Amino acid sequence: MKTVKSLADYQSEYQTSVEQPEKFWEKIADQFLWKNRWSKVLDWNFTEPTIQWFVNGTLNITENCIDRHLSKNAHKTAFIFEPNEPSESTQNISYQTLYDEVCRLANVLKKLGVEKGDRVCIYMPMIPEAIYGMLACARIGAVHSVVFGGFSAQALKDRINDSLCKVVLTTDGAFRGNKKIPMKATVDEALIECPSVKYTLVFNRTNDTIKMQEGRDLNWKTEVQSQPDHCEPVYVDAEHPLFILYTSGSTGKPKGVLHTTGGYMVYTAYSFANVFQYQPNDIYWCTADVGWITGHSYITYAPLLNAATSVIFEGIPTYPDAGRFWQVVDKHHVTHFYTAPTAIRALEAAGLEFVKPYKLTSLKVLGSVGEPINEEAWNWYSANIGKNKCPIVDTWWQTETGGILISPLAGITPTKPGFATLPLPGIQPILVDDKGNEITGNNVEGNLCIKFPWPSIIRTTYGDHERCKQTYFSTYKGLYFTGDGCKRDENGNYRITGRVDDVINVSGHRIGTAEVESALNMHEDIVESAVIGYPHEIKGQGIYAYCISINEHINSDDLKKELIDLVNKQIGPIAKPDKIQIVRGLPKTRSGKIMRRILRKIAEGDFANLGDTSTLLDPTVINEIIEPHLKNNN
Ligand code: 7RM
């Protein structure tokens, strides 16, 4: 794919993209394989919202990810699989092998009755089969719903039932550092109440003993073996759903963010090529999990659309020790390394002795994603991993945006620690105040919105379009609202400061405070709770829960443990509160709204700056909440 090569290129391409967006995107879309060309590039309305890109175009995304490369690149490595255990051998998967595997699996899905438009849940660890699963769905026009392997049975069940999945792809278990994690047992528990699921396909990874329910559970390897390694692609409309990915918001249950096929393909491929400046012999490694949007866009789809070679890593940054990432970089001569600030901070804290043994000379570009990167971590990453020779691309985007919207282009855009810098061509950010008035000029701060559609923008929240409208398109009329706060510096560079809604970002994972609160409230002793985020050295934000117990005096470790177990069971380990405080009351306004601003200040230990407390119903609760903090001196 042709990419921007200089700052002047970027500026002229940006200008074209704003002045003639349809012409701009059409030229990019033309670099792909389409069955039928579109009749109209864009049809949009941010009020409903209805957004259609490449109207009436038809295509199959896997043909673009795989088939298209076979004439020249059949033997090129698509994926290098690096297992959890360093002693287990690496697996090289060529584009031809990828084709064969995806086709066989797609044939199995067809045999199981999966048809175009049907939903398939993927609940798997980071192994190549998870990616085969996504692509096998796309091959036949089925819609994948990947659920992160760390979610609990309850969370998995909710997601399966929201989109009525027919089949679940899973494994017996997962290797994660020195732990083995059950996967099939969790699926079994979830499926007790999932009437839509007819089959599961189980890939044996850990070879642990699992229960296989006759007539429902099938062995992956056995099923795949007997299938031909060819499967005709099913051509779908550009606006046919490609996948659903659940993400947390400020209220209620997680939303199923829906992405469609044509626009998602065009935007993810374009953004990957431009942001990373990937060249044909480079080795790219994104350390995310396919359970998150970063894994969807920048492990599965975009690298393949660019015929790239990428590393798939099963393990964790700290096993067998905190040098694992750097060992893998050296082992596979990784040129492009893309990770999250939380990992950088954790590895920085582990000490330079874990970096020293490795050369890291293959690296050309470093990336960051998922949360604001603090200057300290940025500088450490640049100096110790990039040896001050690799540009850092701090990429800002969201599940809902499908691809990177604000980021430096590697080696082209001047970088600045803590800043995602400039919008990609085609992206029109705007800052607004709380009333929705545009904040113009530089050296300003406001709520980050986008005023024009890009091809991979969210189309709907599955089964509830009104929620999509309310959440993203109603706060500020005519704008897509990101939920993030943002600064624009004197040169027009953007710095994303974090969420302005009730979403917490823990180690780059989005956690809805409302979800954690409703889990806590399920405890029979808990009357009400308020959950907020507080600054955490490694995780970015930690989870702080204030709970009102019916037994006022009880602030016991037993109760806290029960509450943590409850959250673990309802959502999963990523949502476990770091701190729980049992309180007698919560600071509420006269209209009954919890004043989270005050609770945040208290959790930060900033008791002197609680701000205006005059609207509180009962101001005395504040002193009671602060009191134990003063005692513990924390
Ligand atoms: C890709 C992803 C989205 C939220 C988003 C932000 C935060 C992500 C950055 C960032 C500052 C960044 N999708 N966020 N990237 N904040 N700088 N480079 O993370 O849907 O899981 O989360 O993450 O608050 O709204 S996500």
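Summary table below
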quantity: Student exercise, the chain dipole from Lys, Arg, Asp, Glu Cβ charges, in Debye to nearest 20; calculated: 920
quantity: Partnerless cysteines, meaning none of the other Cys C-beta atoms lie under 4.7 Å away, in the chain; calculated: 65, 137, 194, 286, 390, 449, 468, 486, 547
quantity: Unit charges on C-beta of K, R, D, E only; dipole of region 306-433, Debye; calculated: 560
quantity: For region 22-32, Karplus couplings with θ = phi - 60° (6.51, -1.76, 1.60), whole Hz, Gly/Pro x; calculated: 5, 5, 4, 6, 4, 5, 6, 4, 5, 7, 10
quantity: Rg ratio (alpha-carbon, reference 2.2 N^0.38 Å) - region 525-634; calculated: 1.06
quantity: For region 332-436: Kirkwood Rh in Å [reciprocal of mean 1/r, alpha carbons]; calculated: 14.7
quantity: Fraction of alpha-carbon pairs over 20 Å apart in region 206-316 - percent; calculated: 62
quantity: Label-point separation, residue 44 to residue 350 (7 Å along Cα→Cβ), nm; calculated: 4.2
quantity: Residue-span extension gain [residue 18 to residue 387] - 0.36 nm each, minus C-alpha spacing; calculated: 129.2 nm
quantity: Overall form of region 399-477 per C-alpha gyration tensor (a/c, 1.5; a/b vs b/c); calculated: oblate
quantity: Packing-based exposure ordering (other Cβ within 10 Å, fewest first) of 625, 181; calculated: 181, 625
quantity: Kirkwood estimate for the chain, i.e. one over the average of 1/r between Cα atoms, Å; calculated: 25.4
quantity: Global geometry of region 125-198, whether rounded, prolate or oblate, following the gyration tensor of its Cα atoms and the 1.5 cut on a/c; calculated: oblate
quantity: Residue 433 paired with residue 626, simple spin-label distance in nm, labels 7 Å along Cα-to-beta-carbon; calculated: 3.0
quantity: Nearest-20 debye value, region 562-634 charge dipole, Cβ charges on Lys, Arg, Asp, Glu; calculated: 240
quantity: Burial ranking of peptide ranges 348-358, 406-416 (average Cβ count within 10 Å, highest at the top); calculated: 406-416, 348-358
quantity: Mean ellipticity per residue at 222 nm, deg cm²/dmol - from DSSP H runs of n ≥ 4 across the chain, formula -39500 (n - 2.57); calculated: -8500 deg cm²/dmol
quantity: For the chain, share of DSSP beta bridges that run antiparallel, in % to the nearest 5; calculated: 60
quantity: Pairwise label distance in nanometres, residue 556 with residue 219, each label 7 Å out on the Cα-Cβ vector; calculated: 4.9
quantity: Fewest-first sequence of 162, 208 by Cβ atoms within 10 Å of each Cβ; calculated: 208, 162
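Laboratory data are not the source of any read-out in this text; all were calculated from the coordinates shown. These numbers were taken from a predicted model, which means no experiment stands behind them. Note: ideal-geometry Cβ built from the backbone for every residue, glycine included; neighbour counts use all protein chains shown.
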